[in-house]
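The values are calculated or read from the model by the stated rules, or taken from the named source; none is laboratory data. The structure presented is a predicted model; accordingly, all values stated were derived computationally and were not measured. FYI the Cβ positions are ideal-geometry reconstructions off the backbone, even for glycines, and counts take in every protein chain you see.
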Amino acid sequence: MQRAIAKRKILALLAFTILLDTFPYYALSTATNGTGLIPLAAYPYIWVAGVFGLQPLFLNFTAILIAAGAMSEEYEQGTAELLLSKPVRRNDYFAGKFLGGFILFLIILAFNILLSVGSALAFFGPQASLEILPGLFIVQAFSSLIFYSLAFMLGELVRRSSLAYIFSSAIFFASFIISGYLGFIYTLTGKEFYRTVQIYLPTSPANSLPVQYASPLLPQTVGIVLRFVGEDNTIVPTIALSVAILLAYTLVAIGVAAGYFWYADISRRMG
Amino acid sequence: MSNAGPHGPPVLQFQNTVKDYGSKRIGPVDLSIGKGEIMGFLGPNGSGKTTCIRLMLGLVRPSSGNVRVNGYDPISKHVEALDHVAYSPELPNIQTFLTPTELLSLVLHELGFQADKDAEIKRVLELVGLIEYRDTKVGKLSKGMVQRLSVAQALIGDPELLILDEPMLGLDPAGSAHFREVFREFAVGGKGTVFMSSHMMNEVESLCTSVSIIHSGRILFRGSSSEVVRKVLDYSVVTVEAQGLQQETLNSIKEISNVSEVRINNQIVEIIVRGHDDIRPAVSDLIVKSGAKLYTIKTADNMLERAYIEALKKNGVDR
């Protein structure tokens, strides 16, 4: 943890979070003054924009950035070799790397939520329905597990952080783009096949679940804010299916990573 | 070649161990190291030294055969096998933003060390000569100091087996001499065992109680330094330092049985002997009787190096 926090990329992520969770609120507050872009009734729920708006890109990508290097950087720096030459169980090491990185991600996620709410408070006055935040935090964390696990698995398989970042990002952006493309084709053709493929892409449950969880707990006014940040449409039809797809991807990725870590030789320090 | 460790039950054991990388095959290796032994593991680059060390540490799986550390398989019984085993790698991978104190504290935490941690850290830092740099970031330490720290993280806690990959690399002569004493002290009375890979023949010869030479993944020779020298070389070298030696005396030395050559190199007389008969009494007798002043007479210091080079030559390595 100490090492991870020391890394400049984590500091950069935190700085980026601050920027993303403050400046848009300021810009929105100046733009909405008297313009009617967001009705006054939606002001108490404007925190939703920051909390949900960052999930599709920033949070999933943050999960990738942290997880892709969790194992691979240890091989590159040779610390995996040094640590595993001690009487440390491989299972403990594996779990430590997975959980250590994920805890770091949770800190950034919590920071993101708190900053969004704080900015909303500062620029738009008192905020409502904040009691759903703890549950939403857990749901967002769970939703982010899919890309966290995929990136973690790729980091273990390729054992090169640069390759792991590239492959994980490629999967993420490909899923993101293909999902939009399939959704467009489905809208045009109405053919269920395109919709089904879209549902099972990893970005779909990751982005759908937080909205599926929060929508019934928030008033309809929030829909305006969600539409504003492009998060009003859930691709996966049910919460249960979202959870199932997320679990399937996550467990398979963790299983593959654990199996490979257990059976493969520990790489020597590289480059 | 004997595989039995001379100091009781084996602490480290390779039994017909093979590691096949596809493009390269190491083994079959048969080797055992007994408690209290200080073994020097010699071999050219790429001969399999590091693979053997990584097999011992459970970092790589053998393709066939097995490895036992303290009687346990280091893969399936990693914790049991490596309990009280410490490793110092050739190129220490130490995070540069840590200080020696922080690093050693982390190592003690990993080892589950229960006693006074501060006292243990102080003891080890004093032992390796880094106490003054205890709070200096690793990134600011010299290469030799990082090497000392690598050895410190191996010595900390209560290790019984030290696995050292080129431990003297980057050390100045005083540092090397100090570490020799540290390792000797560690193994004194059969309490600790040291397995040391090195290219520094003089270090190995002066420190190790046994030597193994590995080449192309196979152990060529194993035994004490003198045993390996006897097995490999069909000659021995005696060096003499004396004042007032006359040509007549040198001619008389040449007449001693099995002496094949006598040559003078930088005022040191080198006597080449066929076989390994000890001719020192006869030589010293001649010199003293000639009236010359005899300062030293001994077997040449670099016999292990000669044996090592010869062993590799015999196996097709021309260095």
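Of note:
- Condition check for residue B:148: without any contact (Cβ under 8 Å) to a residue 40 or more places away in the chain and surrounded by 18 or more Cβ atoms within 10 Å (Cβ to Cβ): yes
- Note on segment B:152-178: among residues that are in contact (Cβ under 8 Å) with a residue 40 or more places away in the chain and under 23 Å from residue B:44 (Cα atoms), the one that is surrounded by the most Cβ atoms within 10 Å (Cβ to Cβ) is B:167.
- Taken over segment B:28-53, the criterion of being surrounded by fewer than 21 Cβ atoms within 10 Å (Cβ to Cβ) and under 14 Å from residue B:197 (Cβ atoms) is satisfied by B:44, B:45, B:46.
- Note on segment A:168-271: enclosed helices (runs of 4 or more DSSP H) holding 1 or more residues that are surrounded by fewer than 18 Cβ atoms within 10 Å (Cβ to Cβ) and more than 14 Å from chain B (Cβ to nearest Cβ) are A:192-200, A:222-228, A:239-263.
- Residue pairs meeting the criteria (Cβ under 6 Å; at least 6 apart or on separate chains; first assigned by TED's automatic domain parsing to the domain that holds residue B:300 and closer than 20 Å to residue B:300 by Cα, in segment B:243-271; second basic (Lys, Arg) and in a strand (DSSP E or B)): B:243/B:293; B:258/B:274; B:260/B:274; B:270/B:263
- Qualifying residue in segment B:267-277 (condition: farther than 29 Å from residue B:210 by Cα, at pLDDT below 85 and out of contact with any Lys or Arg (no Cβ under 8 Å at 6 or more places or on another chain)): yes
Per-residue answers, yes or no, for (1) of a type in the set (S, T, N, Q); (2) closer than 16 Å to residue A:87 by Cα; (3) out of contact with any Lys or Arg (no Cβ under 7 Å at 6 or more places or on another chain):
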position: B:78; (1), (2), (3): no, yes, no
position: B:83; (1), (2), (3): no, yes, yes
position: B:99; (1), (2), (3): yes, no, no
position: B:115; (1), (2), (3): no, no, yes
position: B:126; (1), (2), (3): no, no, yes
position: B:132; (1), (2), (3): no, no, yes
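- Screening residue B:167 on (1) within 13 Å of another protein chain (Cβ to nearest Cβ); (2) touching a strand residue (DSSP E or B) at 6+ places or on another chain (Cβ under 7 Å) shows it passes everything except condition (1).
- Residues of segment A:88-107 satisfying the condition of being at pLDDT below 90 and not basic (Lys, Arg): A:88
- In this structure, residue B:238 qualifies as touching a residue at least 40 places away in the same chain (Cβ under 8 Å), in a strand (DSSP E or B) and crowded, with 21+ Cβ neighbours inside 10 Å.
- Scanning segment B:179-188 for residues that are in contact (Cβ under 8 Å) with a residue 60 or more places away in the chain and of a type outside the set (Lys, Arg) yields a total of 2.
- Subset of segment B:211-231 that is surrounded by fewer than 22 Cβ atoms within 10 Å (Cβ to Cβ) and among the polar types (S, T, N, Q) - its residue that is farthest from the chain's Cα centre (by Cα): B:216
- Between B:169, B:149, B:245, the distinction of being within 30 Å of residue B:289 (Cα to Cα) and either in a helix (DSSP H, G or I) or modelled with pLDDT under 85 (or both) belongs to B:245 only.
- Residue B:253 being over 16 Å from residue B:129 (Cβ atoms) and either in a strand (DSSP E or B) or in contact with a Cys (Cβ under 8 Å, 6 or more places away or on another chain) (or both): no
- Residue selected from segment A:68-92 under the condition buried (at least 19 other Cβ atoms within 10 Å of the Cβ) and among the hydroxyl-bearing types (Ser, Thr, Tyr), by the criterion nearest to the other protein chains (Cβ to nearest Cβ): A:85
- The single condition from (1) surrounded by 19 or more Cβ atoms within 10 Å (Cβ to Cβ); (2) modelled with pLDDT under 85; (3) not assigned by TED's automatic domain parsing to the domain that holds residue B:53 that residue B:201 fails is (3).
- Test for residue B:159: is it within 20 Å of the chain's Cα centre (by Cα), part of a loop (DSSP other than H, G, I, E, B) and within 11 Å of chain A (Cβ to nearest Cβ): yes
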